[in-house]
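Everything on this sheet refers to the single structure shown next.
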């Protein structure tokens, strides 16, 4: 029978501790180990220091006893005699009295005095007098001082042994070792001295452990805050998915953190912004992007969409605020290329205009066929023949663009003819100016028709919105003249002009004078509005040309006059 372990989306078992919890436990273990090691080390050093201090105290006490002149004379006198005095005499003697007085005064465990053979002359236990000391006195009797840690008849102790030298005026030569003094302190007194240090060390360790625990908890919270509660496996998966998405889509993506720093700029975004350098890490207010993009990330503008022209591209930018739970993490700006859609829209407009022209021609041709049939029915064959001859020479419908033969490019004739039909349906006459002359076919017709079409469309709208002239007509006049590789374009209309609007404002992406439709109220510029003139100028300037306002026009007509110069757009 097989069992399946339930796992989180990242592949981690659901029962497993979270990464931040594991880090917390690891830190607590490390803090606890460090505190315990530090406390043990400190206590050990304090213990050794107390032992050393006890040894030094015992040595100092032994030196002071061994240097007493009276004691030196008494020990020298006893050592000079054969044998050792009786125990009762030693217990009542001056050596015993001096040693006990010193022991009681200093709090030592013992003060023992021996002769040159190591036999006790003074001892806290009178029953031990006259016996040989339990610890070897050889080093002291050899004239050297020594500190010892041992266990004697009075229990564990730390002590010192110091030789007693014969003074002047005794039988032995001056400086002869006549005995030794052994002093010691109980080991329990050393341990009692350690209690104070142990209490201080324990308190310090507890405070350090508490501080380490609080720091670990704060670090755990900060770690969870920085990782948004995600596990390392989740973060790794997100990074892989992000790289796959950012590199695999055609849309541009720019990520801005909540501190205003650019965190993500994919290759598509740099390409759409004119092959810009990677500006990841820069501050968003100073990033090398159009100002309209920065205006999208203002608080309260979540979800706004703007159209802008960058180079020869028409882009649609959308900004979204990134929120995780209740936390605002920053912004994501999406860039989509609408250049191809704009081109297809222009082509569709031209096709629509031509289809409308064909529909009108079919209707007129049908009427004229009825007229021919009627003439034949009444027997007027000669008049029918004459009528058909006139149709053969002029066509079934008068062409709306007069003097079209001045345009040496059939495609340009067809384009302006379609624009003329479209304008005629709106009550506007499209005509060619007297200075029109194009002798050669136009190369790269897409750019030329984009520049010319934008200017004509704007002029037709202005003529429709404006007042008719003195003859009651609304008109748009186009002049085209080729000069070597340069095509000059002038477009005028009968509208009311641009008024007090600065001419440069007309070429700002997104600015439009067209009225907003009812279903577009409250939205950013309607699709296509505010992009024609900026796009036309960008296309013209790309090869050294330009688009500008020749005359702003006046109220009541005539309207504004726009000029354009397209370089390298004619071919012999």
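The values are calculated or read from the model by the stated rules, or taken from the named source; none is laboratory data. All of these numbers come straight from a predicted model, not from anything done at the bench. Heads up, the Cβs are rebuilt from the backbone with ideal geometry, glycines too, and the neighbour counts pull from every protein chain shown.
See the values below:
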| item | result |
| --- | --- |
| Answer from 101, 34, 70, 30 - the residue that is surrounded by 14 or more Cβ atoms within 10 Å (Cβ to Cβ) and part of a helix (DSSP H, G or I) | 34 |
| Any chance residue 447 is modelled with pLDDT under 80 and in a helix (DSSP H, G or I) | yes |
| Subset of segment 286-324 that is closer than 30 Å to residue 224 by Cβ and not in a loop (DSSP other than H, G, I, E, B) - its residue that is modelled with the lowest pLDDT | 324 |
| Qualifying residues in segment 417-430 (those that are in a helix (DSSP H, G or I) and in contact with a strand residue (DSSP E or B) (Cβ under 7 Å, 6 or more places away or on another chain)) - the one farthest from residue 445 (Cα to Cα) | 423 |
| Filtered residues of segment 131-168 (kept if part of a loop (DSSP other than H, G, I, E, B) and without any contact (Cβ under 8 Å) to a residue 40 or more places away in the chain) | 131, 134, 136, 142, 143, 144, 153, 168 |
| Any chance residue 82 is loosely packed, with under 14 Cβ neighbours inside 10 Å, more than 27 Å from residue 155 (Cβ to Cβ) and assigned by TED's automatic domain parsing to the domain that holds residue 187 | yes |
